[in-house]
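*Asks:* If you scroll down you'll find the structure; I have some questions about it.
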Amino acid sequence: KAEQLGGAMAFAFTESGPFVGFDLDDVKADGEFTEEARTIVQRLNSYTEVSSSGTGLHVIAEGEKLDDRKTEGVLSTCGHLEVYDTDRYFVLTGDVYNGSTSVKSRPTVVREVQDDYLPNGRRSPSQASKSL
């Protein structure tokens with residue numbers, strides 16, 4: 001859902017919403033977005049805009065944040081990827097990247113990108129008790 005924050009419009013991720021946000025930070029090298037960042041954006045194929053810093057990209061799609069993955073992962077070239085589906089917001093810049101103006105339902109690709117770029121996260125209760 002869109003909200004106004006200090007004069008800027010922002011997209012808020014909430015528990016009841018079907019949306020997930022991919023925040024690619026510091027993914028510009030030599031004035032261009034890295035090939036890795038462009039590949040992630042192409043795979044997700046949903047609403048994408050340049051972040052307010054100008055060195056990152058935000059992608060919003062329908063899907064879920066995986067419980068078994070951490071929220072942040074380091075990208076191989078430069079920068080990092082963060083994934084959120086609740087308790088966060090993206091300030092909207094309106095600087096649409098590569099013509100991706102529509103939020104799309106991409107549940108399979110959303111899962112695959114998290115599997116490929118985010119480290120394993122929370123352990124199940126059975127695994128936690130085994131390590132005590």
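*Asks:* Mind running the shape call on the stretch 62-108? Use the C-alpha gyration tensor, a ≥ b ≥ c as the square roots of the eigenvalues: rounded below 1.5 for a/c, prolate if a/b tops b/c, oblate otherwise.
*Replies:* Values: a/c = 1.63, a/b = 1.23, b/c = 1.32.
Oblate, because a/c is 1.5 or more while a/b does not exceed b/c.
*Asks:* Here is a follow-up. Looking only at A37, A29, A12, which one moves most when the chain is put into a Gaussian network model with springs between Cα atoms under 10 Å?
*Replies:* A29
*Asks:* Taking the Cα centre of the stretch 1-87 as the origin, how large is its charge dipole in debye, to the nearest 20, when only Lys and Arg (+1) and Asp and Glu (-1) carry charge on their Cβ atoms?
*Replies:* Approximately 160 debye in magnitude.
*Asks:* What do you get for trypsin sites (Lys or Arg not before Pro) in the stretch 12-96 restricted to DSSP loop and a cutoff of at most 16 other Cβ within 10 Å of the site's Cβ?
*Replies:* Working: sites: K28, R38, R43, K65, R69, K70, R88; in loops: K65, K70.
Filter output for the stretch 12-96: K70.
*Asks:* Using only Cα atoms, locate the centre of the stretch 85-118 and the centre of the stretch 15-40, then give the distance between them in Å, rounded to an integer.
*Replies:* When both Cα centres are located, 8 Å separates them.
*Asks:* While we're looking at this one, here's another question. Which order do the peptides 55-63, 90-98 take when ranked by the mean count of other beta-carbon atoms within 10 Å per residue, highest first? It would help to have the intermediate numbers written out before the result.
*Replies:* Numbers: 55-63: 22.4, 90-98: 15.0.
Result, highest mean first: 55-63, 90-98.
*Asks:* Looking only at the chain, where both bridge partners belong to it, what percent of the DSSP beta bridges are antiparallel (to the nearest 5)?
*Replies:* Numbers: 30 of 31 bridges.
About 95 percent, rounded to the nearest 5.
Coordinate-derived values only; no laboratory data. Nothing here was measured: the structure is a model prediction, and the numbers come from that model. Ideal geometry is used to build each Cβ from the backbone, glycine not excepted, and the neighbour counts take in all protein chains shown.
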